[in-house]
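A.B. asks: Here it is, the structure in full.
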Amino acid sequence: QVQLVESGGGLVQPGGSLRLSCAASGSISSIGPMAWYRQAPGKQRELVAHIISGGSTKYADSVKGRFTISRDNAKNTVILQMHSLKPEDTAVYYCNAAVRRLATLLYEDFWGQGTQVTVSS
């Protein structure tokens, strides 16, 4: 099986920074696109940032210039560095990855358990 484990969430004041990390482990042959999503109370889950194995990225308009997504393909990890945090960034952040398991041909979608980010004074 494949597991995605997130870390790095917490409480931060407006204007502060946080770094989220997600490590994939298990029977992994290769990993395709990786992404961070978030879901605030009463709202739908939304894409925050996305990165392909070659390193190209895209961001939600609301986080452009403040958040940076990166990945380490050798360690099967994806990082979300968040700066200039705002109260509206408060949400549960989820890691997502397209993973091809050993002895399979197709990529499957896997999700982490989520990590809470709260931006408040």
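Readers should treat all values here as calculations from the given coordinates under stated rules, not as data from a laboratory. Keep in mind the model is a prediction, meaning the values are calculated, not measured. Cβ placement follows ideal geometry from the backbone for every residue including glycine, while neighbour counts extend to all protein chains displayed.
A.B. asks: So in the stretch 1-55, with the set limited to residues that are closer than 14 Å to I79 by Cα and of a type in the set (S, T, Y), which one is surrounded by the most Cβ atoms within 10 Å (Cβ to Cβ)?
C.D. replies: The qualifying residue surrounded by the most Cβ atoms within 10 Å (Cβ to Cβ) is Y37.
A.B. asks: Limited to the stretch 61-101, what total is found for residues that are among the charged types (D, E, K, R), in contact with a Gly (Cβ under 9 Å, 6 or more places away or on another chain) and over 21 Å from S121 (Cβ atoms)?
C.D. replies: 3
A.B. asks: Only one of A97, A60 is crowded, with 19+ Cβ neighbours inside 10 Å and within 14 Å of the chain's Cα centre (by Cα); which?
C.D. replies: A97
A.B. asks: Please verify whether the stretch 79-93 includes one or more residues that are touching a Phe, Trp or Tyr at 6+ places or on another chain (Cβ under 8 Å) and more than 20 Å from L11 (Cβ to Cβ).
C.D. replies: Taking every residue of the stretch 79-93 in turn, none turns out to be touching a Phe, Trp or Tyr at 6+ places or on another chain (Cβ under 8 Å) and more than 20 Å from L11 (Cβ to Cβ).
A.B. asks: Out of the stretch 101-112, which residues are surrounded by fewer than 17 Cβ atoms within 10 Å (Cβ to Cβ) and touching a Leu at 6+ places or on another chain (Cβ under 8 Å)?
C.D. replies: W111
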